[in-house]
Structures are given as structure tokens and as C-alpha cells.
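Just below is one structure, and these are the notes that go with it.
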Amino acid sequence: DSGVTQTPKHLITATGQRVTLRCSPRSGDLSVYWYQQSLDQGLQFLIQYYNGEERAKGNILERFSAQQFPDLHSELNLSSLELGDSALYFCASSVERGSPLHFGNGTRLTVT
Amino acid sequence: AQTVTQSQPEMSVQEAETVTLSCTYDTSESDYYLFWYKQPPSRQMILVIRQEAYKQQNATENRFSVNFQKAAKSFSLKISDSQLGDAAMYFCAYRSDIRDDKIIFGKGTRLHILP
């Protein structure tokens, strides 16, 4: 158990809809990272937060947004969903520079 | 910009044999960290091993060990006594010591274990 909690585990929704994915990092970890993994693909970095502040952006679409709250949990909001957004979305947390990322079990999003 | 390359999209190994997965990276930084992650069919991301670039000694974790060649920018993973449970996708990752956001993953190597 990595200590990173992601909810929900599965999400099925229709095109055009909006969903929110939630992540609770490991206790003490200030950094939260979001990744997207499409079927049989590598990990695509979306965005990173550190102690409530956005630190880095990757290939995140304008339809996607995220935030990190004072209690350090994070939410990834996906709107105007398209079929191509179907993927596994991972949240990971880290305590400090150089330490490994600890991943949650992911949220599997299916857009129909 | 840093890059991580895993040149073997797929590999197979007989159960109980040894296999080595390759990873090369490109960076101009002198201090950084390297990781191998395992993603089994359950699609969890599991940390396998970690290497600090300033350490010459190769990291080991039970049956997993690395061959870290800093000058060659090579970071291969050796799995000894392969077991069926080792079947997974393996990702090599680079983490900068300067920029916290610089965490780069390779595209992965899918490892099959033959019984």
C-alpha cells in the first residue's frame, strides 16, 4: 500500500460531461502529481502541485484543471469529455526532492 | 532537455532465468535520481528500485539489481531468478535534483515470463 488514495476507482460517463477525480497524498507529502495513461501507453505528465501551489504543467488540456487544497488533497477536473479522454489517471505524491513518487491505484475513466 | 529511452518495447525470459532491461538517459545535470517502476496487469505503479547518481555503488533489492554507468548514462535493471509474478511493464524514470518537477519516464518495457 503506497499510502496514496484515489477515488473513485472507476468512472463511466458520457461525452460532454464533467468529472472530478480526487487524490489524498501520503501523510507528510507536500507534492502531488497527476499523470494520464492511455491503454498500453506510457505515463503522460499533466500537472504538479506543491503545498497548494501549482509548480509545473505538462501536456494538460485546457479542458482539464486541478487544484490542491489546504489539507493537501488534490482534485483533477475533466470537462467537455471526449472519447479520447478514456484512460487511467494516476495521482502520485512525494515528500522531497530526490524521493520516489508513490502512486495511487489510479482512476479508470471510460467515456462513452 | 532530459530524455529517458527504453529501447526494448518487449522482452521474454524463461522462469528462473536472469534478464536485463535497458535504460539510457540524457542529461547535463550531475546530481539526479533514477528509478525503476513495475506495472503489473493490475496497473498499479510499484517502485522497484532507486539509485542516487552520486553513489557509485549499484542499488539492489532482493532479486532486483541495477547496473548504473554514470558516464555512459545507462541504468539497466537485472532481475535474477525470474518468477511468474515479475511479468509486468517496467518503466525507467529520471528525477532531477535541481528541478522538483523534472520527473521523466521512459516508454516502458513489457516483460513476459515463460513457464
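Close amide H pairs (under 5 Å, H built 1.01 Å from N) link residue B:12 with B:112, residues at least 5 positions away or on another chain.
Calculate the tail of P(r) for chain A: the fraction of all Cα-Cα distances greater than 15 Å, expressed in %. When all Cα pairs of chain A are counted, 60 percent exceed 15 Å.
Taking every protein chain into account, the accessible area of the protein assembly as shown amounts to 48 square angstrom per residue (probe 1.4 Å). The residues B:79, A:12, sorted by heavy-atom accessible surface at 1.4 Å with ligands and nucleic acids left out, run A:12, B:79 from largest to smallest.
Both radii come from the Cα set of the protein assembly as shown: Rg as radius of gyration, Rh as Kirkwood radius; their ratio Rg/Rh reads 0.97.
Note the buried accessible area between B and A here, summed over both chains, with a 1.4 Å probe, in Å² to the nearest 100.
1900
Surface calculation, 1.4 Å probe, protein heavy atoms: residue A:83 sits at approximately 110 Å² accessible.
Taken residue by residue and averaged, Cβ atoms of other chains lying within 10 Å of the Cβ of A:95-102 number 6.
For residue B:43 and residue B:20, FRET efficiency with R0 = 25 Å and r from the beta-carbon atoms, rounded to 0.05?
It comes to 0.55.
Scaled against 2.2 N^0.38 Å for its residue count N, the alpha carbon radius of gyration of segment B:50-108 is 1.24.
Multiplying the residue separation of residue A:69 and residue A:57 by 0.36 nm and removing their Cα-Cα distance gives an extension gain of 2.6 nm.
Ligands, DNA and RNA excluded, the heavy atoms of residue A:97 present near 130 Å² of accessible surface to a 1.4 Å solvent probe. Each residue of segment A:45-50 is assigned a 3J(HN,Hα), and the resulting list reads 6, 9, 6, 10, 10, 10 Hz, derived from the Karplus form 6.51 cos²θ - 1.76 cosθ + 1.60 (θ = phi - 60°), x at Gly and Pro.
Straight-line reach only, C-alpha to C-alpha below 23 angstrom: list the lysines that residue A:57 could link to, leaving out same-chain residues fewer than 8 apart. Candidates past the 8-residue exclusion: B:102, B:107. In this label model, residue B:99 and residue A:18 are separated by 3.2 nm, measuring between points 7 Å along each Cα→Cβ vector.
In chain A, Cα pairs under 8 Å separated by at least six residues give a relative contact order of 38 percent.
Across q = 0.12, 0.13, 0.14, 0.20 Å⁻¹, chain B modelled as identical point scatterers on its alpha-carbon atoms has Debye log10 I(q)/I(0) values of -0.39, -0.45, -0.53, -1.04, in the order of the q list.
Ordering A:10, A:73, A:102 by accessible surface, largest first, gives A:10, A:102, A:73; the 1.4 Å probe counts only protein heavy atoms, with every chain in place. Just the protein heavy atoms count here, and of the accessible area of the protein assembly as shown at 1.4 Å, carbon and sulfur take up 45 percent. Look at the stretch B:30-40: the mean tally of other chain Cβ atoms within 10 Å of its residues' Cβ atoms is 2.
The values are calculated or read from the model by the stated rules, or taken from the named source; none is laboratory data. Note that this is a predicted model, so its numbers are computed, not measured. Counting neighbours? That spans all protein chains shown, and the Cβs are built from the backbone with ideal geometry, glycine included. Ligands, DNA and RNA are excluded from the accessible area calculation, which covers all protein heavy atoms including side chains. Shrake-Rupley method; radii C 1.70, N 1.55, O 1.52, S 1.80 Å.
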